[in-house]
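For reference, the structure discussed in these notes is given below.
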Amino acid sequence: MWRDHGGGSDPERRREELVDRLLAADRIEREATAEAMRSVPRHEFVPEERRDAAYADRPLPIGAGQTISAPHMVAVICDLLDVESGDRVLEVGTGCGYHAAVTTEIVGDVYSVEYVDRLAERARRRLRSLGYDVDVRVGDGRRGWPEHAPYDAAYLTCAAPSLPEAVVDQLREGGRLVAPVGADGQRLVAATRTADGLDREDHGAVRFVRMQGGE
């Protein structure tokens, strides 16, 4: 039976145990994803009062009505993106910066858009202090970040009613987009941009906070 374990006082040991549990439960498929999650100190990205639960496999509130995703969800998205070193990735929804840190451990170049000013600034400072070179800007994630396009991959950390057209347009041909899509009934969608449009895959029901911004 799958069980969460968040207690203990040694963050490195707890992080290793978390990754081991995710691997044993087939929540992580790619070794690059496992290594990235072993490297990133999740406890540094959660509020001080939540740090005892940093290595439990569940989302946690980070303020402004937003959450840090459950570790298994970060792993699933990284696996589905199928990215590698040297790829350029767009993230929509910086939040606390944890997901961006995991992604940049794999690829190097991550450009992240956050709608909430104070979350963007906190994430920017936190990432910098931990040595992660992630570009963070404040803006409406539906518009992506065209100045750095085309991207090899993009992902949303928040649910959109549909795949944002601007983000799709900023992918190179063959690029991947992973996003929770829907309102009350969200589905995790992985799409590959082709010459003829998008090839979509459905990866099951999920529950994310909704994307903020204009229509």
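Bear in mind that the values in this text are calculations on the coordinates, not laboratory data. In this text the structure is predicted, and so the values were computed from the model without any measurement. No Cβ is skipped: glycine too gets one built from the backbone with ideal geometry, and neighbour counts run over all protein chains shown.
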Going through the range 20-47 in order, the residues found to be more than 21 Å from S129 (Cα to Cα) and charged (D, E, K, R) are D20, R21, D26, R27, E29, R30, E31
Determine, yes or no, whether E114 is of a type in the set (D, E), within 18 Å of I62 (Cβ to Cβ) and touching a Lys or Arg at 6+ places or on another chain (Cβ under 8 Å). yes
So in the range 69-87, with the set limited to residues that are surrounded by fewer than 24 Cβ atoms within 10 Å (Cβ to Cβ), out of contact with any His (no Cβ under 7 Å at 6 or more places or on another chain) and touching a residue at least 60 places away in the same chain (Cβ under 8 Å), which one is farthest from V209 (Cα to Cα)? D87
May I ask you to verify whether G131 is free of Cβ contacts under 8 Å to residues at least 12 places away in the same chain and either closer than 15 Å to F45 by Cβ or touching a Phe, Trp or Tyr at 6+ places or on another chain (Cβ under 7 Å) (or both)? yes
Filter the range 177-209 for residues that are touching a helix residue (DSSP H, G or I) at 6+ places or on another chain (Cβ under 6 Å) and either among the small types (G, A, S) or surrounded by fewer than 21 Cβ atoms within 10 Å (Cβ to Cβ) (or both) and give the result. A190
Looking only at residues that are surrounded by fewer than 19 Cβ atoms within 10 Å (Cβ to Cβ) and assigned to a strand (DSSP E or B) in the range 43-66, which one is farthest from the chain's Cα centre (by Cα)? G63
